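A short worksheet on the structure shown next.
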Amino acid sequence: MSWWALPALAAAAYQLFAIIAALRWRVGQAFNLSTSPLPPISILKPMYGRDERLYQALRSHALQKYPEFEILFGVRSATEPALEDIQRLRRDFPSLPMRVIQVETEAPNAKVGVLARLAAEARHPLLVINDDDIEVQVGYLEAVTAPLRDSRIGLVTCLYRARAESFAARVEALGVAGEFASSVMVARLLGVGGFALGATMAMRAETLARAGGFEPIEAYLADDYELGRRVTAAGYRVEFAPVVVETGLGGASWLDVWRHQLRWARTIRVSRTAGYYGSVVTHAVLWALLAFAAGEWYAGVAALVLRVAAGWLAGAVVLKDPLVKRWFWLLPLRDLFGLSVWAGGCFGSTVYWRGLKLRLLKGGKIGLV
């Protein structure tokens with residue numbers, strides 16, 4: 001065995017660990033939903049832009065059977081495109097409490113500035129926060145708030161999959177399900193739990209206050225990560241709910257996908273530098289190709305086979321993502337694109353987000369370019 005086989009075998013070992021994490025995730029994710037009902041909920045939704053499935057995403061929240069909840073929509077302008085869908089939702093669900101709150105904020109992360117105002121306006125003791133395009137399944141509110149019956153749990157989040165219309169967006173969606181979700185499962189298996197995902201953050205208003213509220217994280221781009229970290233520092237646990245939600249990537253172009261992925265990569269690098277550079281060992285396709293070039297076929301095959309298996313389990317089995325079921329064989333090619341994103345993320349500090357060109361500062365803070 002040559003030295004060229006060792007990185008491929010290390011990558012294969014990581015993928016085997018990812019398989020174990022996915023299998024354990026399926027078995028372990030369950031909470032008792034049948035005990036006494038939870039208090040009323042305020043759903044906080046900061047709105048920005050509009051795509052053709054926005055109304056379906058909003059409607060999925062209105063269809064929840066939870067006994068009592070309200071939806072607060074935060075907008076920054078009276079000309080916000082999403083207002084058209086919000087007004088339609090009001091017409092279709094006239095008995096559901098909804099409020100539109102226009103927010104003026106100077107926060108570097110305007111979304112967090114909007115959330116701070118929405119949290120102040122919320123009438124109920126439980127807060128459920130998610131992005132504007134998130135589509136949820138029946139029973140979502142019960143599932144994401146049930147873990148909060150345990151006073152030791154301060155924040156509940158959940159995995160997500162992505163729907164896509166263009167080929168470039170499908171490539172990104174494959175990465176969300178087959179790589180990102182898998183890395184989350186591995187982190188949880190290793191006991192790394194102090195982080196949240198913006199697809200859902202459910203918590204008590206009291207816990208948010210003890211964690212310092214939204215104001216201290218208004219200067220950070222990775223607001224979900226920062227909130228999870230602060231909740232953990234306040235003495236609580238972050239837990240994952242046994243549901244998967246769906247986000248929309250639409251018909252994104254390759255430039256859109258590149259900028260989106262590069263923003264994630266550079267944000268992770270400045271927030272968790274050691275972990276970012278250390279993740280190079282997880283790039284199984286890279287090490288498999290180098291092993292093949294060195295004639296170490298067994299190491300290369302092991303890395304590739306286990307990589308595809310791990311992606312299939314995470315995406316098709318845990319997330320039940322139809323895109324992964326159909327396109328899983330493209331995972332190695334997607335990983336090569338992901339490798340180029342990782343390399344690009346090693347350098348530079350400029351990112352594009354919500355129509356703005358931003359500069360990442362030390363620790364994950366942001367400023368305008």
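The values are calculated or read from the model by the stated rules, or taken from the named source; none is laboratory data. The shown structure was predicted, so the numbers you read here are calculated from the model rather than taken from an experiment. Here the Cβ is made from the backbone with ideal geometry for all residues, glycine too, and neighbour counts use every protein chain on show.
Structure data summary
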| quantity | calculated |
| --- | --- |
| Residues (of a type in the set (Ser, Thr, Tyr) and crowded, with 18+ Cβ neighbours inside 10 Å) located in the range 226-267 | 232, 236, 247, 267 |
| The one condition in (1) out of contact with any Ser or Thr (no Cβ under 6 Å at 6 or more places or on another chain); (2) under 23 Å from residue 59 (Cα atoms); (3) in contact (Cβ under 8 Å) with a residue 60 or more places away in the chain that residue 124 fails to fulfil | (1) |
| Filtered residues of the range 142-163 (kept if in contact with a Lys or Arg (Cβ under 6 Å, 6 or more places away or on another chain) and more than 15 Å from residue 38 (Cβ to Cβ)) | 152 |
| Lone qualifier among 182, 253 - being of a type in the set (S, T, N, Q), in contact (Cβ under 8 Å) with a residue 60 or more places away in the chain and over 17 Å from residue 268 (Cβ atoms) | 253 |
| Conditions (1) at positive phi; (2) assigned to a helix (DSSP H, G or I); number of the one not met by residue 325 | (1) |
| Residues (modelled with pLDDT of 95 or more, among the charged types (D, E, K, R), under 26 Å from residue 105 (Cβ atoms) and under 14 Å from the mean Cα position of the chain (by Cα)) located in the range 116-159 | none |
| From 198, 191, 248, residue being at pLDDT below 95, within 18 Å of the chain's Cα centre (by Cα) and either among the acidic types (Asp, Glu) or more than 23 Å from residue 106 (Cβ to Cβ) (or both) | 248 |
| Yes/no for residue 335 being crowded, with 21+ Cβ neighbours inside 10 Å, part of a helix (DSSP H, G or I) and charged (D, E, K, R) | yes |
